[in-house]
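S.K.: Dropping the structure in here first, questions after.
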Amino acid sequence: DAFAFLYKEATWNGADSLINTIGVANSTEDAACHSDHEIQKNNDLLLEQYRIMVETSEKLMDRRQNTSNLYTTLCSALVALVGASFAFGNFSIVGIVSFLVGFILTFLCINWRSCLKSYDMNNAGKFAVLNAIEKILPANMFDSEYRYNTKNGIRSYSSRERILPIIFLIFGIIMIIFGIGVGIYFLI
């Protein structure tokens, strides 16, 4: 009995449904099986869980934006460093700075894209749960907004945000090639 109980508890989320709708008044059959107090309690709990999921999704989007702002600032500062190296008037310094900046930019951009992918995957999970809850609620706000935006060609910020790491990555690769070219030129 203990093993059966533990197995049941360990596989509670193994069902296809993302949420447990037992006791939530979404059909007359549910209403007949549960008391009004129990249904109201479960509905209140479901709305509270929905609110929490919305808040955590918003916090995740804020963290994503802050992360992108940090990477944008770092990459822009590195690009400015290459520009500042020209002030020395010595191409060997420009070559060394370009190579190092290119190497660092490449590393940062690969890491940045990895972070964005992680944020996308986490947010997809949150919206899967939100959409599952919305199927029970009177309005499907997030799903409706997504369908409207898709139909009207409105792109999300995250789809535009993915372009910046690519631009800086290309610049980083160009800087690596430029740095190596300058180094070879001065060695010959």
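S.K.: What does the charge count near Arg51 come to, summing +1 for each Lys or Arg and -1 for each Asp or Glu among other residues with Cβ under 14 Å from its Cβ? It would help to have the intermediate numbers written out before the result.
M.R.: Details: positive: Lys59, Lys126; negative: Asp44, Glu48, Glu55, Glu58, Glu134.
Once all neighbours under 14 Å are counted, the net charge is -3.
S.K.: Another question, if that's okay. Express the relative contact order of region 51-188 as a whole percentage, based on alpha carbon pairs under 8 Å and six or more residues apart in sequence. Intermediate values should be presented prior to the final figure.
M.R.: Details: 98 pairs, mean separation 58.6, N = 138.
Once normalised by length, the contact order is 42 percent.
S.K.: Can you pull the Rg over Rh of region 77-161, Cα-only, Kirkwood?
M.R.: Numbers: Rg = 21.8 Å, Rh = 16.6 Å.
With Rh from the inverse mean 1/r over Cα pairs, Rg/Rh is 1.31.
S.K.: Counting only protein heavy atoms, what percent of the accessible surface of region 85-188 is carbon or sulfur at a 1.4 Å probe? Intermediate values should be presented prior to the final figure.
M.R.: Details: 4820 of 6810 Å².
Summing carbon and sulfur atoms, their accessible area is 71 percent of the total for region 85-188.
S.K.: Okay, next question. State in Å² the accessible area per residue of region 87-188; use a 1.4 Å probe, count heavy atoms of protein chains only, and round to the nearest integer.
M.R.: Working: 6700 Å² over 102 residues.
I get 66 Å² per residue for this part.
S.K.: Two decimals is fine: what's Rg over Rh for region 113-188, C-alpha atoms, Kirkwood radius as Rh?
M.R.: Numbers: Rg = 21.2 Å, Rh = 16.0 Å.
For region 113-188, the value is 1.33.
S.K.: In square angstrom, rounded to the nearest 10, how much accessible surface does Thr150 have for a 1.4 Å probe?
M.R.: 80
S.K.: Let me ask something additional. In whole Hz and in residue order, list the ³J(HN,Hα) couplings for region 53-59 that follow from phi through the Karplus curve 6.51 cos²θ - 1.76 cosθ + 1.60, θ = phi - 60°; x for Gly and Pro.
M.R.: The phi angles translate into 5, 5, 4, 5, 5, 5, 5 Hz.
The values are calculated or read from the model by the stated rules, or taken from the named source; none is laboratory data. Just so it is clear, the structure is predicted and the values come from calculations on it, not from any experiment. Counting neighbours? That spans all protein chains shown, and the Cβs are built from the backbone with ideal geometry, glycine included. Protein only, heavy atoms only, side chains kept; ligands, DNA and RNA dropped before computing areas. Shrake-Rupley method; radii C 1.70, N 1.55, O 1.52, S 1.80 Å.
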